[in-house]
Amino acid sequence: MPDTTHDLVIIGAGPGGYVAAIRAAQLGMDVACVDEHSQLGGTCLRVGCIPSKALLESSHLYEQTAHELGVHGIKVKDVSLDLKAMLDRKDKVVSTLSGGIAGLFKKSKIKHYQGTGSINADKAVVVTDSKGKSQTVKAKNILIATGSRPASIPGVDLSLDKVDTSTDALSYDKPPKHLAVIGAGYIGLEIGSIWRRLGSKVTVLEYLDRVLPGMDAQLARHAHRTFEKQGINYELKSRVTGVKSGKQGVTIEREGADPVKADRVLVAVGRAPHTEGLGVEEMGIERDSRGFITVDENFQTNIHNIYAIGDVIPTMMLAHVAEEEGIACVEKIATGYGHVNYDVIPAVVFTHPEIASVGRSESGLKDEAHEYKSGLFNFKGNGRAHAIEQADGFVKIVSDKKTDRVLGVHIIGPDAGSLIAECASAMQYGATAEDIYRTCHAHPTLSEAVKEAAMAVDGRAIHA
Ligand code: FAD
Ligand code: NAD
């Protein structure tokens, strides 16, 4: 096959890579995107954000139907689980959305090369398909968007039977009787919730003395209490040192505590950058001590015209961060301008209730002795939250003591993931807490809790 030259070749069609490809095409570039999978969308769409949210929704509906509708005066008998149908629906959601990206590529005339991409000494991309056949794709610019893969810890071999990654745990053909989860981060809480709702006993082993490291401490304490009430068993300060797998299940060894036995174990201790076979070592592309590719303010690596974005660089490992970086990177290539505001990145855990955060945590501000004001409003003071029977949780806003500029917002409660968007917009525009509460919020909506939290910053919440 003859060599082809593109303005931009992107390696990886996850939310970073495919969004960058579409934006670059809008900007007039001739773009190609290399991905080893036939389904476009990367980790996020195939085995991450989307399938996990599909199962979170289905498992929540199952639990609600089986146990929580009585309070609304709805009686349901004989609720049963058809796990195969639930998994089939999840797969259908994934294939529909992946087909959608293929359609967008077609519309934007973006060429998809299926195969593993590696960069050669001539700064071209060699694409090798599953049969070992290679072709060389030449590019003026190369963007590495190869994402991440599940990480492990010493003593835990992910190739063992019943020692699972998030990918495995999104496709169990029956709920494990006892599922142990190593790590009380995003995946531990979301996937742990799915299987608890579907009938598994779930034990989460966490090295730290808290869940959700990095999130506001008060938010994390409330989340911990809430999920414990829901039936998840937490073993905090549990440093896992090894896992043995046998016919009867798994044995998880911990430092200074008895081992835990379970049927399966989900290892959710973080993710590692995906750079294997990419040619980064041969090309001398610089990486940090944890293996993430390092870039400058233009997302350019130490090699001219080779860029990197998303999970493979050391920024927050979130789909929307990868998207922002992909857009900013190609805008910089095409126009010289492009920007990501890392101070205003919302983060959402899609449990029930949802947990959402943006900006600085109260604990972080305290540690820095930054003078701040804080306002907290409980959903129990919100009419809509009662109407939908979800009055647990709170909104907390922290603002600068002198200027009142909003520094951070932390929410646990109904639809927190959508409520945080208003707060992110406010912060993006440099709003004060007063700006938020002087904005009229419709009644009865959950967003009134955001307004009341902003009022609480000045000690003037009405329904508190
Ligand atoms: P990826 O999505 O990892 O895509 C990289 C692509 O490149 C993959 O298709 C990979 O196969 C391909 N690739 C790698 N190397 C090569 C190569 N050499 N040649 C060709 N192709 C290659 N984030 C959120 O914001 N919200 C969520 O709700 C959320 N939920 C998640 C749930 C789970 C279970 C997991 C695992 C992750 C979740 N994430 C979530 C994180 C999110 O998936 C990642 O941050 C995001 O996918 C990163 O995007 P990316 O484009 O950098 O890389
Ligand atoms: P995480 O970083 O969120 O949590 C890992 C947890 O494992 C931490 O609490 C850590 O203290 C603990 N841990 C590490 N070593 C341990 C040990 N030896 N013993 C016991 N506990 C140990 O990682 P994750 O949950 O695997 O998720 C990976 C990434 O994927 C997240 O950081 C996030 O960026 C992304 N993600 C996002 C979402 C979302 O946005 N809703 C959902 C899932 C995943």
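The values are calculated or read from the model by the stated rules, or taken from the named source; none is laboratory data. The model shown is predicted, which means the values in this text are computed figures rather than measured ones. Here the Cβ is made from the backbone with ideal geometry for all residues, glycine too, and neighbour counts use every protein chain on show. Keep in mind that these areas ignore ligands, DNA and RNA; they rest on the heavy atoms of the full protein, side chains included. Shrake-Rupley method; radii C 1.70, N 1.55, O 1.52, S 1.80 Å.
Within the shell defined by Cβ-Cβ distances under 12 Å, the residues around D91 carry a net charge of +4, with Lys and Arg each +1 and Asp and Glu each -1. Sites listed here are GluC sites (Glu not before Pro) in region 364-441 whose DSSP assignment is loop and whose Cβ has at most 16 other Cβ atoms within 10 Å: E368, E371, E389. With all protein chains kept in place, the per residue accessible area of the chain amounts to 47 square angstrom at a probe of 1.4 angstrom. Only aspartates and glutamates eight or more places from K201 in sequence, or on another chain, were considered; those with a Cα closer than 14 Å are E228, E235, D263.
In region 347-456, the convex hull through the Cα atoms has an average projected area of 6.2 nm², a quarter of its surface area.
Screening the chain for whole DSSP H helices of 27 Å or more along their axis (Cα) with average Kyte-Doolittle hydropathy at least -1.0 returns 83-107. Per residue, the average separation of C-alpha pairs within less than 8 Å and at least 6 apart gives region 163-269 a relative contact order of 35 percent. Is any residue of region 139-163 close enough, with backbone N under 17 Å, to a label point placed 7 angstrom from the Cα of D122 along the Cα-Cβ axis, and if so, which? Residues passing the 17 Å test: 139-142.
Full extension of the chain between T5 and R210 gives 68.7 nm of extra length, using 0.36 nm per residue less the Cα-Cα distance. In the chain, helical runs assigned H by DSSP with n ≥ 4 each contribute -39500 (n - 2.57); averaged across all residues and rounded to the nearest 500, the mean residue ellipticity at 222 nm is -9500 deg cm²/dmol. Across the chain, the longest run free of exposed loop sites, meaning chymotrypsin sites (Phe, Trp or Tyr not before Pro) lying outside DSSP classes H, G, I, E and B with no more than 15 other Cβ atoms within 10 Å, spans 1-336. Using the Cβ-Cβ distance between L27 and T251 with R0 = 51 Å, the FRET efficiency computed as 1/(1 + (r/R0)^6) comes to roughly 0.40. Measuring r between the beta carbons of S108 and H72 and using R0 = 35 Å, the FRET efficiency lands at 0.15. Of the trypsin sites (Lys or Arg not before Pro) in region 78-130, the ones in a loop by DSSP (not H, G, I, E or B) with at most 10 other beta carbons within 10 Å are K109. With both residues required to sit in region 117-273, DSSP beta bridges show an antiparallel share near 60%.
Using a probe radius of 1.4 angstrom, the carbon and sulfur fraction of the accessible surface of the chain is 50%. Full extension of the chain segment joining S38 with D263 gains 77.7 nm, where the gain is 0.36 nm per residue of separation less the Cα-Cα distance.
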